[in-house]
Amino acid sequence: MSPAAAVVSGLVPVAVGLSLGERPSGLAVIGIAVAPVGVWFLAGGGLQHPTREDFGPLLRALAAGVGFGAFFALYAQAPDDAGAIPLVASRAASITGLGLAGILVGGPLLPTVSRVPGSPQG
């Protein structure tokens, strides 16, 4: 996971919790403020000056982080007695969405042998 996606995926559930009325303690607020910095450096972000070519991948990473964070926030809203139903439903939805995206794009749904990393042809 990219550092930007990791940071955003942690901030989205915090924002959802705050918008739903949760109020963290003072110590939790300090953790919320410090954690993204640690996640950024642990994920390999470092301090770099971005170039114009970095913005496309950055936007995709931010979108991925919002997706991950939204999944975590929505999964946390499921009732405790729901069991595995929320996870199974999310997998079914993601498989359906991926299949539809593959059909719309028109490319192969599975990689060819020459595209698989580590294969003799790859």
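Observations, loosely collected:
- Computed E for Leu18/Asp80 - FRET, C-beta separation, R0 22 angstrom, nearest 0.05: 0.50
- Estimated FRET transfer efficiency when R0 is 22 angstrom, pair Ala92-Val66 (beta carbons, to 0.05): 0.55
- Highest mean packing first, where packing is the average number of other Cβ atoms within 10 Å per residue, the peptides 23-36, 64-77, 4-17 line up as 4-17, 64-77, 23-36.
- Average silhouette area of the range 7-76, convex hull of alpha-carbon atoms, in square nanometres: 5.4
- Per-residue Karplus couplings for the range 9-23, computed as 6.51 cos²θ - 1.76 cosθ + 1.60 with θ equal to phi - 60°, are listed in order as 5, x, 7, 4, x, 5, 4, 5, x, 5, 5, 8, x, 6, 10 Hz, Gly and Pro entered as x.
None of the figures in this text is laboratory data; all of them are computed from the coordinates on show. Note that the structure is predicted; figures quoted are calculated from it, not measured. Cβ: placed from backbone, ideal geometry, glycine included. Neighbour counts: every protein chain shown.
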